[in-house]
1. With each label point set 7 Å from Cα along the Cα-Cβ vector, what nm distance links Phe125 and Phe144?
2. For the chain, what is the charge dipole size about the Cα centre, in debye to the nearest 20, if Lys and Arg each add +1 at the Cβ and Asp and Glu each add -1 at the Cβ?
3. Could you rank the peptides 77-83, 44-50 by their average count of other C-beta atoms within 10 Å per residue, with the highest value first?
4. When the Cα centres of the range 143-183 and the range 100-115 are compared, how far apart do they sit, in Å?
5. Mind sorting Ser2, Ser157, Ser7 by how few other Cβ atoms lie within 10 Å of their own Cβ, fewest first?
6. Once every DSSP H run of n ≥ 4 in the chain is given -39500 (n - 2.57) and the sum is divided by its residues, what mean residue ellipticity at 222 nm do you get, rounded to the nearest 500 deg cm²/dmol?
7. At most 15 other C-beta atoms within 10 Å and a DSSP loop state: those are the exposed GluC sites (Glu not before Pro) I care about. Give me the longest piece of the chain that has none.
8. For the charge dipole of the chain, defined by +1 on Lys and Arg C-beta atoms and -1 on Asp and Glu C-beta atoms about the Cα centroid, which residue among Val8, Phe125, Val135 has the Cα displaced farthest towards the positive pole?
Amino acid sequence: MSEPFFSVIVPAHNAAEYIRKGLSSIRMQAFTDYELIVVADDCNDDTAMIALDYADKCLVRRHGLDGLARNDGLDVAAGKWILFMDDDDWWMNKTCFGKIANAVHAMDPDVLLFGFYWNTRGVYFQTMKQRVIAVWSKCWKREFIGDTRFPAKPYWSDVDFDRAMFDKYPKVATLNDSLYYYNYLRPGSISWRKEKGEIY
C-alpha cells in the first residue's frame, strides 16, 4: 500500500460540541490522497465516537497533554507531508488540500507557510520573518520532522515544536492564500482562558 500524500493529525479533548465541523471540512476536500488521524485525549464526552465516523485512525489516550497527543499522531503517520488541525478549527473550503499539494509539489520545501482567517482579526498571511508560532498554520515534510516531537505540556506545546523545527534551518516556502479558520477566543478555548487571565 502506497503512502498517502498527507497525514492530517487532529488532537481532540472533549470536543464533541464542535469537532464535526472541522472533520467534515477535511472530508469535503477535493484532494483525497490523505489519511485522517484523530487522537481523542482524556475525553469524557462523545469525541471518540464522533471521530470514528470520520477518521482513518482514531487513537484514544489518557495523557491530558496536547503535545503527547500530537506525538501519538506523528508516530503512526504514514504521509509524506504532515498537516495539523485543532479540534475547534476548520478548513475554509474544499480546495485547500489541493492548493497545498500543488505548492509543495512545485517548491518542495521542508515547511510551507499558508494564510488563514484569524477570528476577530481577519485574514493573516505569513512570511518567514513574520510567522505565527502554531503548527496548524504550516505543512511539514515528515522526513524533515524526523524524530522531533512535542514536549509534555497541557497547552502551547506547538510553540516549542515550531521553534525546534525552525532551529533546524528548514527550506521554507509560502502560499498566500487563506486556507484555515483559526477559531480564536472560542468560549472555553485556551485563547479564551488566557484572555480571561485563567492561564498564563
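What follows is calculated from the coordinates using simple rules that are stated; it is not laboratory data. On a predicted model such as this, the values are computed, not experimentally measured, just so you know. Backbone-built Cβ (ideal geometry, glycine too); neighbour counts: all protein chains shown.
1. It works out to 2.0 nm between the two label points.
2. That gives a dipole near 580 debye.
3. The peptides rank, most packed first, as 77-83, 44-50.
4. What the calculation gives is 14 Å, centre to centre.
5. In increasing order of surrounding Cβ atoms, one gets Ser2, Ser157, Ser7.
6. Taken over the chain, the calculation gives -8000 deg cm²/dmol.
7. Free of exposed loop sites, the longest segment is 18-197.
8. Checked the options; the winner is Phe125.
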